[in-house]
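Visitor: One structure coming up, written as structure tokens, with questions to follow.
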Amino acid sequence: MPDFSLFQSKKDENINIPKVSQTGSQTISEILTPPALEIESNYLRLGDLYVKTFCIISYPRYLTTGWFSPIINIDQTVDVSIFVEPIDTAVALKKLRRKVAQVEAQLMEKEEKGTVRDPVLETAYLDLENLRDALQQAREKLFEVGVYICIYTSNLKELEILEQKVINFLEGKMIYIKPALFQQDKGLESCLPLNIDRLGVHSTLNSSPVATFFPFISLDLTSDEGILYGINRHNNSLVIFDRFSLENGNMVIFAKAGGGKSYFSKLEILRSLMMGIDVIVIDPEKEYAHLAEVVGGSFINISLTSEHHINPFDLPPSRPDESSAEILKSNILNLMGLLKVMLGDLTSEEVGILDRALAETYASRDITPDSDFSKLIPPLMEDLQAVLESMEGGASLADRLYKFTRGTFAGFLNQPTNIDIDNRLVVFGIRDLEDELRPVAMYMVLNFIWNLIRSQLKKRILVVDEAWWMMKYPAGADFLFGLVKRCRKYFMGVTTITQDVEDFIRSPQGKPIITNSALQLLLKQSPASIDGIGETFNLTEAEKQLLLEANVGEGIFFAGAKHVAIKIIASYTEDQIVTTNPSQLLEIEKAKKIFDDSLK
């Protein structure tokens, strides 16, 4: 046990200060003892540190749970000691009875004199009576509570700044403190882990307010498995988490433009690949192309002039637990959703015509519910148009399909599939498409990915960036929601990213997608959208303010029932791979060009 006797005042006659030997071997207490201790009236100098102790002297009428968390989680060196001593209930009731009689006498005296009523006195009387009832019924107990806060800094200026910070924290909650004047040595001893209360500055509190001191709220999301998501801003611990350890592996990411959405997503992809997880990305802005190139992934460019093509009529390989009829029916339903996105609003009559036409289109290639279509060539969009032209009432639908088969968009949807997706990271880029075709492409690619997922069970992450493109269309929103709901059965987690938060939340499928995502990340938000975000995620005013004032890459990370303030951190190498900062990208391109020129 170290000897802390040097912390006592020299004026204490009963204290013997040991002499530290200058030569020879040293004891443990001599090693632990600071080189010098200077005691001033309102602070101590302990070696190279300046130390100041405060005691809480006044509390408000009510204390809420977590009121002490700003002190516990402050980003400075602080020690806190709480001494709780029970008071005998019989003694407490006797004192309360006397106190109630005094207050009641004062109230009667004021009433007899006809003076103006005193609300403070009346409230005190009611509180005393309620406390007496609670003690009598054993619902509460009384305690003597002493709370001491000891702060440490390297100089006096920092000591004053930290002192004001602590005072502002507590006075904002109507809790008042004072320094242990001329008792700083005793204050330091009281804050050491010795269970000795040398100050004796106590307040009488009942069980309910005492319970608000505990537990100390300093949440962490550090687990033994998973990937590093960032730093916990509350206590600087690491946020390490396995998204597949929750009830589902889905995640939503909301932030304003430039808030760090894609940066975080690419960082998670990079670290997930190292953990053996396959990743598929729908990239509307070609932001993931560099990442795919660096890690040896596949970048599939979807555009009107691209050499890569996907046929929406492709059928997935059948699984042992699925029949051919089920696969065909599921794909016809998905094609119906795609056609709704392509053609816009459809009447019930047109929906019926299309349903029949799709079945006949497949039948034209001998693909029926009873056939083995694993080796058959699927039809194309032009085959559907031909079937519609020959059907009664299908001519107008065939005309509307013309631009996708022989018109402007013919090269986009009317070609056999020729892409290879046998890779750990596959990125589908749709930046070069017209805005009108983006939701169509996202739907088509998602359907293609869904067929792939169903055919082979494997741990995967699907990233849908700028998901609001799909959420604008009811059919697209329905498909994305269905994917989020069903993907858990196939060991996949869907990451939904958007900057258009208001439109996403207003969509009928927006909130269900959020509630079906066990992980949520909120980064920097705009004042226009913060109220909607706050209502959706039940944020406090302090949390909303945190999102408004957050820097790039800072926000709130939700994992199940826990949530922490997070700061996203990348190593230098990771930053060079995932950055989306234009100036950094130009520097990287410049360095790459210089390197290539040097090789020549």
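One line per residue, one yes/no per condition, for (1) within 25 Å of L452 (Cβ to Cβ); (2) surrounded by 16 or more Cβ atoms within 10 Å (Cβ to Cβ):
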| site | (1), (2) |
| --- | --- |
| A467 | yes, yes |
| F481 | yes, yes |
| R486 | yes, no |
| I497 | yes, yes |
| I505 | no, yes |
| K511 | no, no |
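Visitor: Also: Report yes if E140 is surrounded by 15 or more Cβ atoms within 10 Å (Cβ to Cβ), acidic (D, E), at pLDDT 85 or above and outside any strand (DSSP E or B), otherwise no.
Guide: Yes, satisfied.
Visitor: Taking only region 54-79 into account, find how many residues are within 17 Å of Q184 (Cα to Cα) and buried (at least 16 other Cβ atoms within 10 Å of the Cβ).
Guide: Total meeting the criteria: 5.
Visitor: Next question, about the same structure. Tally time: how many residues in region 284-314 are in a loop (DSSP other than H, G, I, E, B) and surrounded by 13 or more Cβ atoms within 10 Å (Cβ to Cβ)?
Guide: Restricting attention to region 284-314, the residues satisfying the condition of being in a loop (DSSP other than H, G, I, E, B) are 284-288, 296-297, 302-314.
In the following step, the residues that additionally are surrounded by 13 or more Cβ atoms within 10 Å (Cβ to Cβ) were identified as 284-288, 297, 302-304, 306, 308-314.
Matching residues across region 284-314 total 17.
Visitor: Something else: In region 315-363, what residues are of a type in the set (S, T, N, Q) and assigned to a loop (DSSP other than H, G, I, E, B)?
Guide: Of everything in region 315-363, those that are of a type in the set (S, T, N, Q) and assigned to a loop (DSSP other than H, G, I, E, B) turn out to be S318, S323, T347.
Visitor: Determine which member of the set T64, T115 is hydroxyl-bearing (S, T, Y) and within 50 Å of the chain's Cα centre (by Cα).
Guide: The unique qualifying residue is T64.
Visitor: Can you confirm whether K110 is assigned to a helix (DSSP H, G or I), basic (K, R), on the phi < 0 side of the Ramachandran plot and touching a residue at least 60 places away in the same chain (Cβ under 8 Å)?
Guide: no
Visitor: Can you name every one of the helices (runs of 4 or more DSSP H) wholly within region 391-476 that holds 2 or more residues which are under 30 Å from R488 (Cβ atoms)? Don't jump to the end; show me each part of the working.
Guide: On the way: elements: 395-405, 410-413, 438-455, 468-471.
Helices (runs of 4 or more DSSP H) meeting the threshold: 438-455, 468-471.
Visitor: Still on this structure, I have one more. Determine which single condition R198 fails, assuming it passes every other condition in (1) surrounded by 14 or more Cβ atoms within 10 Å (Cβ to Cβ); (2) of a type in the set (K, R); (3) over 23 Å from F68 (Cβ atoms).
Guide: If we test R198 against (1) surrounded by 14 or more Cβ atoms within 10 Å (Cβ to Cβ); (2) of a type in the set (K, R); (3) over 23 Å from F68 (Cβ atoms), just (3) comes out false.
Visitor: Still on this structure: V91 fails exactly one of the following numbered conditions: (1) exposed (fewer than 12 other Cβ atoms within 10 Å of the Cβ); (2) more than 24 Å from D197 (Cα to Cα). What is the number of that condition?
Guide: Here V91 meets the rest and fails (2).
Visitor: So in region 30-61, with the set limited to residues that are farther than 22 Å from E158 by Cα and of a type in the set (S, T, N, Q), which one is farthest from the chain's Cα centre (by Cα)?
Guide: Once the filter is applied, the top-ranked residue is T33.
Visitor: Are there any pairs, at least 6 apart or on different chains, whose C-beta atoms fall under 6 Å, with the first in region 146-172 and at negative phi and the second part of a helix (DSSP H, G or I) and at pLDDT below 95, and if so, which?
Guide: Final answer for the pair search is Y148/S190; Y148/C191; C150/C191; I151/L162; T153/L159; T153/L162; F169/P70.
Visitor: In addition: Would you say D399 is more than 23 Å from T361 (Cα to Cα), of a type in the set (D, E) and surrounded by fewer than 22 Cβ atoms within 10 Å (Cβ to Cβ)?
Guide: When the stated conditions are applied, D399 does not pass them.
The rows are residues; the columns are (1) modelled with pLDDT of 80 or more; (2) farther than 24 Å from N248 by Cα; (3) in contact with a strand residue (DSSP E or B) (Cβ under 6 Å, 6 or more places away or on another chain); (4) outside the structural domain of R454 (by TED's automatic domain parsing).
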position: F491; (1), (2), (3), (4): yes, no, no, no
position: T498; (1), (2), (3), (4): yes, no, no, no
position: F504; (1), (2), (3), (4): yes, no, yes, no
position: G532; (1), (2), (3), (4): yes, yes, no, no
position: E535; (1), (2), (3), (4): yes, no, no, no
position: L548; (1), (2), (3), (4): yes, yes, no, no
position: F557; (1), (2), (3), (4): yes, no, yes, no
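Visitor: Now a separate question. Being of a type in the set (A, V, I, L, M, F, W, C), touching a Ser or Thr at 6+ places or on another chain (Cβ under 7 Å) and at pLDDT 90 or above is the filter; apply it to region 264-315 and report the residue that is farthest from N447 (Cα to Cα).
Guide: By that ranking, first place goes to A292.
Visitor: So, in region 563-589, of the ones that are of a type outside the set (D, E) and modelled with pLDDT under 80, which residue ends up nearest to F264 (Cα to Cα)?
Guide: T580
The values are calculated or read from the model by the stated rules, or taken from the named source; none is laboratory data. If you're wondering where the values come from, they're calculated on a predicted model, not measured in any experiment. Glycine gets a Cβ as well: all are built from the backbone with ideal geometry, and neighbour counts include every protein chain shown.
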